[in-house]
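Notes to accompany the following structure.
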Amino acid sequence: MRTRINIAKVLISTVLTVVLCACGGQPSPKGQPQQQAETASAQTEKPKTKTASPKGTKKAAKPKKVRLTEDNVVEELTKYGRENPERRVKIVTSKGTMVVELYENTPLHRANFIHLIKEHYYDGTEFYRVINNFMIQGGDTDGYERRAVKEKIGKYTLPAEFREGNIHKRGALSMVREYENNPEKRSSPFEFFIVQGTTYTDGELNGTEFNYNVKIGPEARAVYKSVGGCAYLDGQHTVFGEVVEGLEVIDKIAAVKTDNGDWPLEAVTIKMEIVK
């Protein structure tokens with residue numbers, strides 16, 4: 001809240017000390033331009049004062065945040081992954097809570113996801129593309145402030161991390177990617193999807209192999225026939241985790257009514273927490 005003080009109308013002979021109390025970091029209203037949010041924040045900032053430290057002690061310096069780019073993404077996320085080994089994430093939505101286990105064999109995608117969660121990037125985003133019997137896609141909103149947050153984190157993509165056994169079964173956590181001008185199938189760093197999918201017959205799996213030029217091994221076949229998923233996405237998107245609790249929440253979100261662009265008619269909001 002901005003407080004305006006008309007100094008011209010105040011005539012006081014004594015010295016007046018004004019103490020401004022900074023407001024807590026509340027998220028900007030949806031759609032608010034970042035410039036307005038920055039201006040409000042600047043006007044409520046506490047005045048800087050020097051505090052004497054005990055003799056012989058120094059305040060620990062906060063680690064400088066590095067903006068990620070195509071050139072430094074592998075080095076920085078490799079380092080970040082070593083320092084932040086967490087693998088369990090709680091995805092709290094307006095339709096229920098899911099717990100996701102991130103894979104160790106996709107270290108860059110795991111580190112990136114943990115990094116974004118710790119930066120609170122996903123809090124306040126939505127599942128913005130929902131297709132029943134296919135998948136639920138999230139990690140973004142249409143607000144201007146989200147674009148500014150992305151810009152601060154960096155402009156980059158993630159190298160594909162395709163691994164045998166990481167398949168698009170029901171509950172798989174996978175990353176969105178551009179299809180045009182992306183021969184290496186690099187992932188978008190921000191937007192993800194969770195597979196709902198359907199079960200397959202042997203004939204359908206044979207057709208998928210032929211039509212999409214994918215190889216579906218015996219173990220994957222058994223999973224797709226019993227659990228279900230989207231087999232044709234294998235080798236196209238990087239799977240880097242899976243839902244281990246709350247699979248029913250996927251169905252609840254996938255059942256939400258949508259418009260012609262697959263955008264839910266009711267907001268399905270997201271908040272993420274590190275479990276361990």
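All of the numbers you see were taken from the coordinates with simple rules; none came from a lab. Since we're looking at a predicted model, the values are computed, not measured. Ideal geometry is used to build each Cβ from the backbone, glycine not excepted, and the neighbour counts take in all protein chains shown.
Placing +1 at every Lys and Arg Cβ and -1 at every Asp and Glu Cβ, with all other atoms neutral, what dipole size does region 108-235 have around its Cα centre, in debye to the nearest 20?
Result for region 108-235 is approximately 220 debye, rounded to the nearest 20.
Tell me which residues come under 5 Å, amide H to amide H, from Leu68 once H is placed; ignore anything under 5 positions away on its chain.
Under 5 Å from the amide H of Leu68: Gly154, Lys155.
Which FRET efficiency value, to the nearest 0.05, do you get for Ala255 and Lys64 by plugging their Cβ-Cβ distance into 1/(1 + (r/R0)^6) with R0 = 35 Å?
It comes to 0.20.
Just to confirm the filter: which GluC sites (Glu not before Pro) across region 212-276 are DSSP coil and have at most 12 other Cβ within 10 angstrom of their Cβ?
Those that pass, being in a loop and sparsely packed, are Glu266.
At R0 = 30 Å, how high is the FRET efficiency between Ser94 and Thr199 if r is their beta carbon distance? Nearest 0.05 is fine.
0.60
Could you let me know the centre-to-centre spacing of region 173-192 and region 77-110, using Cα atoms, in angstrom?
Value for the Cα centre distance between the two parts: 18 Å.
Looking at this model, which pairs from Lys155/Lys185; Lys95/Lys252; Lys185/Lys276; Lys150/Lys276; Lys65/Lys276 are more than 18 angstrom apart at the alpha-carbon?
Beyond 18 Å: Lys185/Lys276; Lys150/Lys276; Lys65/Lys276.
Once a ≥ b ≥ c are taken as the square roots of the eigenvalues of the Cα gyration tensor of region 87-274, is the result rounded (a/c under 1.5), prolate (a/b larger than b/c) or oblate (a/b not larger than b/c)?
Note, shape of region 87-274 comes out prolate.
Once R0 is set to 25 Å, what does the formula 1/(1 + (r/R0)^6) return for the Cβ-Cβ distance between Arg87 and Ala148, expressed as a FRET efficiency to the nearest 0.05?
0.25
What do you get for GluC sites (Glu not before Pro) in region 92-133 restricted to DSSP loop and a cutoff of at most 16 other Cβ within 10 Å of the site's Cβ? Before the final figure, lay out each step's value.
On the way: sites: Glu101, Glu104, Glu119, Glu126; in loops: Glu104, Glu119.
The qualifying sites are Glu104, Glu119.
What is the distance, in nm, between label points placed 7 Å from the Cα along the Cα-to-Cβ direction at Lys118 and at Glu266?
So the label points at Lys118 and Glu266 sit 3.6 nm apart.
Counting only other residues whose beta carbon sits under 15 Å from that of Asn132, what net charge do I get with K and R as +1, D and E as -1?
Combined, the nearby Lys, Arg, Asp and Glu give 0.
Tally Lys/Arg at +1 and Asp/Glu at -1 over every other residue whose Cβ is under 15 Å from the Cβ of Arg82; what's the total?
Summing Lys and Arg as +1 and Asp and Glu as -1 gives -1.
Could you please report the charge total around Ala220, scoring K, R as +1 and D, E as -1 over all other residues with beta-carbon less than 11 angstrom from its beta-carbon?
My count for the surroundings of Ala220 gives 0.
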